[in-house]
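Before any comments, here is the structure.
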Amino acid sequence: MVLPDTKIYKALSSNAELIKTIQSMRQTSTDAPMIFNQSIPEGYQASKFAPLVRVNYVGSTYRASDDDQSVLRPQVLVSFWTKKLSQGEKLLPIIKHTLRDINYYPYSENHEEDPDTGDQLENRMYIFRVYVHGIEIEEE
């Protein structure tokens, strides 16, 4: 079984349109796609590397279970940081479409000025959050 956050991470990090769009927005060039599972390495936690994408597992609930399989409803948070709101507006539909392609659907989303960088004019970023859930079947 592939973990839900790993499944989403792989889908996002292999999406050529998403990678190209992120790279076109970035001030500092890097070979890394800047899409991370669980945590962003400290060396990349800077606005010059934005946009940054992070995938975090939130939890899951059992929907059904029998001797042969379990049906889970996992919840995952996809967060991404941008230098401008307009960048988030461009990335959001690409990310949501990628998630829908693997049967993960938003149940909540929000965006705001990142509280950690909001008072730093040169380093200010905006954070977008998309909470998604899907259905995963585990074979026993």
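The values are calculated or read from the model by the stated rules, or taken from the named source; none is laboratory data. Fair warning: this is a prediction, and the values are worked out from it, not measured in the lab. FYI the Cβ positions are ideal-geometry reconstructions off the backbone, even for glycines, and counts take in every protein chain you see. Protein only, heavy atoms only, side chains kept; ligands, DNA and RNA dropped before computing areas. Shrake-Rupley method; radii C 1.70, N 1.55, O 1.52, S 1.80 Å.
Structural remarks
- Residue count, the stretch 104-140 (criterion: part of a loop (DSSP other than H, G, I, E, B), of a type in the set (Asp, Glu), open to solvent by 50 Å² or more (accessible area, probe 1.4 Å) and modelled with pLDDT of 75 or more): 1
- GLY43 vs. criteria assigned to a strand (DSSP E or B), without any contact (Cβ under 8 Å) to a residue 40 or more places away in the chain and not hydroxyl-bearing (Ser, Thr, Tyr): no
- In this structure, ILE22 does not satisfy being touching a residue at least 12 places away in the same chain (Cβ under 8 Å), assigned to a loop (DSSP other than H, G, I, E, B) and either in contact with a strand residue (DSSP E or B) (Cβ under 8 Å, 6 or more places away or on another chain) or farther than 29 Å from GLY134 by Cα (or both).
- Scanning the stretch 49-93 for residues that are open to solvent by 10 Å² or more (accessible area, probe 1.4 Å) and either of a type in the set (D, E, K, R) or under 14 Å from the mean Cα position of the chain (by Cα) (or both) yields a count of 18.
- Being open to solvent by 20 Å² or more (accessible area, probe 1.4 Å), more than 12 Å from the chain's Cα centre (by Cα), at pLDDT 95 or above and hydrophobic (A, V, I, L, M, F, W, C) holds for only one residue in ALA16, ALA46, ALA32, and it is ALA16.
Condition check ((1) part of a helix (DSSP H, G or I); (2) in contact (Cβ under 8 Å) with a residue 12 or more places away in the chain; (3) of a type in the set (Gly, Ala, Ser)) across all residues:
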| residue | (1), (2), (3) |
| --- | --- |
| ILE8 | yes, yes, no |
| LYS48 | yes, yes, no |
| VAL58 | no, yes, no |
| TYR62 | no, no, no |
